[in-house]
Amino acid sequence: MTTSTRKSFYRQGIIDASPFILVIIPFASLFGVLAVEAGLNVVETMAFSIVVIAGAAQFTALQLMQENVPTVIVLISALAVNLRMAMYSASLTPYIGAAPLWQRALCAYLTVDQSYVVGVSKFEAEPEMTVADRVAYFLGAVTPIVPLWYGFTLIGALLGAEIPDSWALDFAIPITFLAMIAPMFRTAAHVVAALVAVVFALLAAGVPYSLGLIIAGIAGMMAGAQTELWLERKAARQ
Amino acid sequence: MIETGTLWTVIVVLGLGSFGLRFVFTGLVGDRAMPAWLLRHLRYTAVAILPALVAPQVVWPAATGGDFDTPRAAAAAVTLLVGLITKNVLMAVLSGGSTLYGLLYLLG
């Protein structure tokens with residue numbers, strides 16, 4: 001692979017992740033606003049976003065710290081919210097596991113919902129990509145996301161202005177995730193995995209520490225894998 | 001008021017822990033082969049986790065205090081449908097967004 005095609009994979013990553021710009025800007029700003037309201041200064045707020053780089057876990061930790069929950073519980077809860085990152089890591093391993101260690105570490109730091117879903121849908125759709133192409137594409141996908149996460153955390157912290165509720169920005173994340181996921185339903189097994197995961201997510205919504213999500217995810221993955229096996233056996237019999 | 005010591009403990013430990021979760025497989029497994037059954041499950045990670053993440057927010061949105069909300073549910077359905085038909089992410093986002101704002105305006 002030549003440098004120019006790798007550059008084009010980087011550029012494609014930027015383009016494919018760009019719809020998320022609409023989501024990241026309000027959510028990063030919101031974190032900045034809430035952190036300052038909770039009494040953090042600008043340096044602390046920025047350190048939070050740069051070191052942790054995980055929206056949902058940051059909101060969880062901030063909320064619990066304000067309620068004076070013991071630190072251990074704050075950490076367990078926020079890490080449980082982030083447990084899905086381990087599943088993303090496992091899912092990315094067949095694609096980028098052969099990359100140099102520093103690149104894997106960099107990609108790990110930059111793994112968020114958005115970069116994961118953009119990356120893995122591309123890697124699935126184009127199995128002929130080399131490991132270096134995939135890393136270039138993944139780094140492209142984080143380019144419109146991560147700098148804006150930092151930047152708008154800062155802007156939110158400095159301006160401290162509330163975003164009006166009437167903008168309904170709470171729903172930006174569900175809409176963009178659904179839009180990203182829709183093209184990934186390539187086989188019946190993908191559809192079954194999603195349906196089972198949704199049913200379990202609703203049934204397990206009351207499970208503490210957001211573990212319902214992990215239960216639902218595992219149930220969906222098992223359903224998908226079993227459906228795939230069943231379809232293979234059925235095809236072999238015919 | 002959050003104490004400075006507590007805050008920095010949370011930032012550092014949560015940062016390290018989050019990195020650990022993100023690195024655990026890509027870092028430790030690397031290019032060693034993973035068993036076929038595990039790979040078969042991992043193929044469904046994205047299509048299972050992300051809908052599971054979204055489903056409770058669609059059915060019980062935090063913005064309405066957890067009450068079912070027709071504009072949000074309709075917007076989710078339109079986004080998914082347009083995404084399935086067109087396979088175009090931006091088109092799906094725009095359709096879902098206009099459904100949401102349209103219905104919030106009409107029903108609001």
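Structure summary
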{"item": "Relative packing of peptides A:149-159, A:123-133 - highest average C-beta neighbours within 10 Å first", "result": "A:149-159, A:123-133"}
{"item": "Calculated [θ] (222 nm, deg cm²/dmol) that DSSP helices of n ≥ 4 give over the protein assembly as shown, each run adding -39,500 (n - 2.57)", "result": "-24500 deg cm²/dmol"}
{"item": "Among B:Pro35, B:Pro51, B:Pro61, residue whose mean-square fluctuation peaks in a GNM of chain B (springs only between Cα atoms under 10 Å)", "result": "B:Pro35"}
{"item": "In the range A:1-82, the GluC sites (Glu not before Pro) that fall in loop regions by DSSP, at most 15 other Cβ within 10 Å", "result": "A:Glu67"}
{"item": "Qualifying lysines (Cα of each under 19 Å from Cα of A:Lys122; at least 8 residues distant if same chain)", "result": "A:Lys7, B:Lys87"}
{"item": "Separation between Cα centres of the range A:163-238 and the range A:1-64, rounded to whole Å", "result": "24"}
{"item": "Candidates A:Val120, A:Val112, A:Val199, ranked by Gaussian network fluctuation over chain A, Cα under 10 Å, top entry", "result": "A:Val199"}
{"item": "Sum of side-chain charges, A:Ala54 neighbourhood, beta-carbon under 15 Å (Lys, Arg +1; Asp, Glu -1)", "result": "+1"}
{"item": "Global form of chain A, assessed from the alpha-carbon gyration tensor, a/c cut-off 1.5", "result": "oblate"}
{"item": "Candidates B:Thr64, B:Thr79, B:Thr26: whichever shows maximal mean-square fluctuation once chain B is modelled as a Gaussian network with Cα springs under 10 Å", "result": "B:Thr26"}
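Bear in mind these aren't lab numbers, they're just calculated from the coordinates by the rules spelled out. Keep in mind the model is a prediction, meaning the values are calculated, not measured. Cβ atoms come from the backbone with ideal geometry, glycine included; neighbour counts cover every protein chain shown.
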